[in-house]
Amino acid sequence: MSNSDSFIDEVTDEVRRDRLFAFLRRWGWAFVVLVLLIVGGAAWTEWSRARDRAEARAFGDALLAAMQADTAEARAAALAALPAEDGRATAIRGMLEAASQLEAGRRAEALAALDAIAADADLPPAWRQLALIKRVIADPDMAASDRGAALDQLAQPGAPYRPLALEQQALDLVAAGERDAAVERLRALLDEQGVPAGLRRRATQLMVALGAQPEAA
């Protein structure tokens with residue numbers, strides 16, 4: 001390599017270094033801020049997750065402690081006093097409270113609690129539908145039109161509590177003397193995937209009691 005070529009390379013390298021230093025002087029602060037944001041964001045995310053885990057654990061422990069009260073009235077009172085940080089925690093507490101109120105014979109309060117959960121538009125549909133099916137099962141005096149509309153909604157294909165809704169529809173049809181329609185509902189229930197063994201057994205027993213033969217699996 002000639003001396004002139006070596007000189008040109010040195011000048012080129014020097015120019016590149018000068019441009020790099022100038023760029024860093026102008027924009028270096030932005031890189032520092034970006035790094036701080038990344039590190040700070042990761043730390044905040046981890047802290048938030050740890051906080052959420054701690055809150056969930058504390059809420060779960062409080063629920064368990066409340067459920068260990070000696071009487072249904074005491075359990076309901078203890079659950080009602082628990083603070084809930086979000087809608088899902090409120091729904092869990094409300095459904096447990098409703099169960100204790102039903103056990104204590106306070107049906108009106110229990111049904112009101114379930115109604116509140118079922119009407120909460122901020123909750124995921126599955127939570128609202130769980131409250132609704134519990135409300136239907138817990139209220140034998142529910143108006144026939146309201147009960148039918150609720151069960152029609154809950155028995156839609158793909159709905160999470162469709163099997164339970166089909167069972168309730170079948171029981172209503174049996175009470176109305178509509179045997180064939182009841183058997184049809186029970187067959188639809190047994191055709192569902194993932195039906196719990198206890199529910200499948202109840203449906204099979206009811207079909208036999210109605211004089212129908214369940215289809216072989």
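The values are calculated or read from the model by the stated rules, or taken from the named source; none is laboratory data. Quantities reported herein were computed from a predicted structural model and do not represent experimental measurements. So basically every Cβ, Gly included, is an ideal-geometry build from the backbone, and we count neighbours across all protein chains shown.
Grab the helices (runs of 4 or more DSSP H) fully contained in region 78-157, keeping just those with 1 or more residues being among the β-branched types (Val, Ile, Thr) and under 23 Å from Ala176 (Cβ atoms).
Passing ranges, in order: 125-138.
Thr45 - would you say it is hydroxyl-bearing (Ser, Thr, Tyr), surrounded by 11 or more Cβ atoms within 10 Å (Cβ to Cβ) and more than 30 Å from Asp172 (Cβ to Cβ)?
Here the answer is no, as Thr45 does not meet what is asked.
Cβ-Cβ under 6 Å, sequence separation 6+ or interchain: first residue in region 138-167 and over 21 Å from Leu189 (Cα atoms), partner assigned to a helix (DSSP H, G or I) and not aromatic (Phe, Trp, Tyr). Which pairs?
What qualifies is Asp139/Leu111.
Only one of Leu37, Leu63 is of a type in the set (A, V, I, L, M), over 24 Å from the mean Cα position of the chain (by Cα) and at pLDDT 70 or above; which?
Of Leu37, Leu63, the one residue that is of a type in the set (A, V, I, L, M), over 24 Å from the mean Cα position of the chain (by Cα) and at pLDDT 70 or above is Leu37.
Checking Gly211 against (1) in a helix (DSSP H, G or I); (2) on the phi > 0 side of the Ramachandran plot, which test does it fail?
(1)
I need a count of the residues in region 158-185 that are in a loop (DSSP other than H, G, I, E, B) and more than 31 Å from the chain's Cα centre (by Cα).
Of the residues in that region, 3 qualify.
Please find, within region 60-77, the residue that is surrounded by the fewest Cβ atoms within 10 Å (Cβ to Cβ) out of those that are assigned to a helix (DSSP H, G or I) and among the charged types (D, E, K, R).
In this case the residue turns out to be Asp61.
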